[in-house]
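Here's the structure, in structure tokens; my notes come after.
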């Protein structure tokens with residue numbers, strides 16, 4: 001298993017849907033700046049968030065929103081170009097594109113919580 005942590009912006013509004021068995025899944029794309037100056041570009045990651053966290057975060061994952069994502073990386077090829085997918089384990093929201101307050105919830109495999117759930121005795125990483 002390959003784990004990755006990325007920081008970037010949503011390329012479009014997230015899509016929330018249900019699987020045949022009723023499980024919620026939220027799909028969104030994250031663009032990550034790569035390189036400097038004239039050589040700068042973006043690497044795009046297709047991210048999926050599942051369950052209660054998918055329902056909770058979908059309304060906040062709007063085009064331009066800053067996100068910090070950690071999860072399991074898979075990669076392949078589509079039409080001759082590399083394609084990267086991340087099954088999200090942890091997500092933090094930065095500033096929203098409309099200037100609204102940031103969302104500090106963290107998703108994990110067991111659902112989601114807030115910064116307050118971490119407690120003062122928690123390790124900061």
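The values are calculated or read from the model by the stated rules, or taken from the named source; none is laboratory data. These numbers were taken from a predicted model, which means no experiment stands behind them. Note that each Cβ is placed from the backbone with ideal geometry, even for glycine, and that neighbours are counted across all protein chains shown.
Some observations on this one:
- Subset of segment 26-49 [farther than 21 Å from residue 77 by Cα and surrounded by 17 or more Cβ atoms within 10 Å (Cβ to Cβ)]: 26, 49
- The requirement of being farther than 26 Å from residue 1 by Cα, buried (at least 17 other Cβ atoms within 10 Å of the Cβ), at pLDDT below 55 and in contact with a helix residue (DSSP H, G or I) (Cβ under 8 Å, 6 or more places away or on another chain) is fulfilled nowhere in segment 105-125; no residue meets it.
- Checking each residue in segment 1-22 for being outside any strand (DSSP E or B) and either in contact (Cβ under 8 Å) with a residue 24 or more places away in the chain or under 15 Å from residue 93 (Cα atoms) (or both) picks out 1, 11, 12, 13, 14.
- Being touching a strand residue (DSSP E or B) at 6+ places or on another chain (Cβ under 7 Å), at pLDDT 95 or above, assigned to a strand (DSSP E or B) and within 19 Å of residue 8 (Cβ to Cβ) holds for only one residue in 43, 25, 86, and it is 86.
- Against the test of being at pLDDT 55 or above, closer than 22 Å to residue 18 by Cα and assigned to a loop (DSSP other than H, G, I, E, B), the options 49, 62 yield a single qualifying residue, 62.
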